[in-house]
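Enquirer: Please read through the structure below; I'll follow up with questions.
The values are calculated or read from the model by the stated rules, or taken from the named source; none is laboratory data. This is a predicted model, so every value here is computed, not measured. We place every Cβ from the backbone using ideal geometry, glycine too, and count neighbours over all the protein chains shown.
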Amino acid sequence: MVRAAVSRAVGAPASIEELHLAPPHRDEVRVAVAACAVCHSDLMFMDGGWATAFPVVLGHEAAGRVVEVGTGVHDVTVGDRVVVSLIRTCGECLACRRGHDVACTGNAEVDRRSPLTDLAGSPVAQGLGTGAFAEQVVVHRSQVVPIPTGVPAEAAALLGCGVLTGVGAVTNTARVDHGDAVVVIGCGGVGLSAVQGARMAGADPILAIDPLEAKQEAALRLGATHAVEPGDGNAAILERATGGRLADHVFVTTAAPGAFVGATGLLAPMGSLVLVGMPAHGVTVDIDPTALAAANQAILGCKMGTARLAVDVPRLVDHYLGGRLDLNGMVTTTHSLDDIDSAFDEARSGEVIRTVIVFDNTDLGATGDTP
């Protein structure tokens, strides 16, 4: 039995319930969760922007410790500290063979049945195949990556989605190069991770755009050379910073529909517009195909930073331990599982970078070296 935050309807408060968690089957692992960050994707499902089955346990950006492994699991063992992510790979489909883990078309057993049931025996959906707003999860072995000591659980959890996506958008999707001019629109957890990724890639200038002054200040602290609110004068600011040219890469990292309007107006010829933020279903954006073609510009979709967990998470951990990637400074607040609705409200407000649910697993040392 595990305690979990169950969402039973669109807009309904989460209920903290005792659920039955099935043991891991073949190729599955059970993880005691130490921390799970609140992502705007979770809010999209809860608030009806995206469709999901109810009841559901959401949460997909987590860290913890492996406590049980199923048959066929050899790459992690009981006791391993791990990051848990929604990215799941079969290793056999065409996308996986090409190294495109986020586009895997295979079906794991946990895709066909949730390991969660309520006290009445009714199934409870495992949100995004993870369901980490719970004391423990059972996931496919490809969804966990071992990490060393020295990374607090609250920080490690961000590597499961937000940081992985933001940095990956820069390094994997757009392949930003030294000296490229970069614009990041939206300075939440993903956007500020993109700012850090651009800094590590040697981009200059890095223009961060966000309506909140606190987010602008955070962007400057994490590597942006300029930070401004949205406005018609941003192209002129960029041209002054570059000596007359526009951006090589524009990253839209927020789901706010207005952020997509005018983004191409900041883009130089041969530049790429990278769509990272995912609005509610049905939102559309007008694009002038003639202008796009004439300027040899590209539009790139970016799911989860085009990441490969086994490659990207260890690289990000190295950056963190080497002082190049700030994870601790991106955790604005922490909450207990019982206070999860307050965490959701903070995330909806847009005033936090990341709020993290920390579980009362004292033996996991959620704030120390050993989650």
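Enquirer: Touching a residue at least 24 places away in the same chain (Cβ under 8 Å) and of a type in the set (Ser, Thr, Tyr) - does that describe any residue in the stretch 340-352?
Expert: No - not one qualifying residue is present in the stretch 340-352.
Enquirer: A further question follows. Going by the conditions given, is Ala103 of a type in the set (Gly, Ala, Ser) and modelled with pLDDT of 95 or more? Break it down stepwise before answering.
Expert: Details: of a type in the set (Gly, Ala, Ser): yes; modelled with pLDDT of 95 or more: yes.
Yes.
Enquirer: Moving on to the next point. Testing Val76 on (1) closer than 15 Å to Val137 by Cβ; (2) buried (at least 23 other Cβ atoms within 10 Å of the Cβ); (3) aliphatic (A, V, I, L, M), one condition comes back false. Which one is that?
Expert: (2)
Enquirer: Related question: Can you name every residue in the stretch 73-107 that is part of a loop (DSSP other than H, G, I, E, B) and out of contact with any helix residue (DSSP H, G or I) (no Cβ under 8 Å at 6 or more places or on another chain)? Before the answer, list the steps.
Expert: Start the filter on the stretch 73-107 by keeping residues that are part of a loop (DSSP other than H, G, I, E, B), which leaves 73-80, 85-93, 98-100, 104-107.
Of everything in the stretch 73-107, those that are part of a loop (DSSP other than H, G, I, E, B) and out of contact with any helix residue (DSSP H, G or I) (no Cβ under 8 Å at 6 or more places or on another chain) turn out to be His74, Thr77, Val78, Gly79, Asp80, Glu92, Cys93, Arg98, Gly99, Asn107.
Enquirer: Another one. Checking the conditions here, which among Val73, Val102, Val31 is under 25 Å from Pro148 (Cβ atoms), more than 24 Å from the chain's Cα centre (by Cα) and in the same structural domain as Gly129 (by TED's automatic domain parsing)?
Expert: On the way: Val102 fails: more than 24 Å from the chain's Cα centre (by Cα); Val31 fails: more than 24 Å from the chain's Cα centre (by Cα).
None of the others qualify; the one that does is Val73.
Enquirer: Okay, moving on. Answer yes or no: is there a residue in the stretch 142-160 that is hydroxyl-bearing (Ser, Thr, Tyr) and modelled with pLDDT under 95.
Expert: Within the stretch 142-160, the first condition is being hydroxyl-bearing (Ser, Thr, Tyr), and the residues that meet it are 142, 149.
Pick out the ones that are also modelled with pLDDT under 95 and you get 149.
Looking through the stretch 142-160, at least one residue is hydroxyl-bearing (Ser, Thr, Tyr) and modelled with pLDDT under 95.
Enquirer: Residues of the stretch 269-290 being in contact with a Ser or Thr (Cβ under 8 Å, 6 or more places away or on another chain) and surrounded by fewer than 11 Cβ atoms within 10 Å (Cβ to Cβ), which ones? Let's see the steps before the verdict.
Expert: Pass one, the stretch 269-290, residues in contact with a Ser or Thr (Cβ under 8 Å, 6 or more places away or on another chain): 273-274, 276-278, 287-288.
Selection gives Asp288 alone.
Enquirer: Go through the stretch 233-276 and give me each residue that's more than 19 Å from the chain's Cα centre (by Cα) and polar (S, T, N, Q).
Expert: Within the stretch 233-276, Asn234, Thr242, Thr264, Ser272 qualify.
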